[in-house]
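Here's the structure we're looking at; comments come further down.
Just so it is clear, none of the values below were taken in a lab; they were calculated from the coordinates. Everything numeric here is computed off the predicted structure, so don't read it as measured data. Neighbour counts are summed over all protein chains in view; Cβ atoms, including those assigned to glycine, are modelled from backbone coordinates with ideal geometry.
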């Protein structure tokens with residue numbers, strides 16, 4: 001794992017729960033056992049708050065942390081693919097091929113959370 005991504009494993013951003021989420025989703029990777037929950041609070045078309053919890057590999061933890069940095073306070077994204085997340089990942093050194101499941105899990109879970117909005 002690239003050192004820039006490893007920093008997000010050692011000090012992840014956005015970990016926790018929201019008291020009253022407007023949207024949430026659970027994502028699981030049956031192959032590796034990763035589990036990710038994303039919660040969102042929405043205000044005027046923006047993600048006011050994004051929180052996540054995971055029992056997952058370091059790559060998934062790092063990507064969830066990057067998603068927090070990319071999308072909390074930002075306009076509702078469209079995707080997947082989530083371009084801001086992918087650009088941030090590239091700036092942080094990218095993933096090895098065997099770590100790519102992490103990007104799929106974070107994108108799928110974020111997409112499910114956004115789809116659950118009323």
Set the Förster radius R0 to 30 Å, insert the Cβ-Cβ distance between residue 9 and residue 115 as r into 1/(1 + (r/R0)^6), and round the FRET efficiency to 0.05.
0.60
Rounded to 5, percent antiparallel among DSSP beta bridges of the chain
95
Once you have the Kirkwood Rh of the stretch 3-115 from its Cα pairs, apply Stokes-Einstein at 20 °C and 1.002 mPa s and quote D in µm²/s.
157
For the stretch 78-94 versus the stretch 10-42, the gap between their alpha-carbon centres in whole angstrom:
18
By how many nm would the segment from residue 53 to residue 20 lengthen if fully extended, with 0.36 nm per residue of separation less the alpha-carbon distance?
10.3 nm
With a Förster radius of 22 Å, plug the Cβ-Cβ distance of residue 43 and residue 78 into 1/(1 + (r/R0)^6) and report the FRET value to the nearest 0.05.
0.75
Given just the C-alpha atoms of the stretch 2-51, how large is their convex hull per residue in cubic angstrom?
114
Helix-only [θ]222 nm of the chain, DSSP H runs n ≥ 4, -39500 (n - 2.57) each, per residue, nearest 500:
-12000 deg cm²/dmol
Mind checking which of 14, 73, 33 has the largest fluctuation in a GNM of the chain, springs on alpha carbons under 10 Å?
33
Percent relative contact order of the chain, based on C-alpha pairs within less than 8 angstrom and at least six residues apart?
33
For a Förster distance of 25 Å, can you work out the FRET efficiency between the beta-carbons of residue 28 and residue 98, rounded to the nearest 0.05?
0.85
Highest-first arrangement of 81-93, 44-56, where packing means the average Cβ count within 10 Å
44-56, 81-93
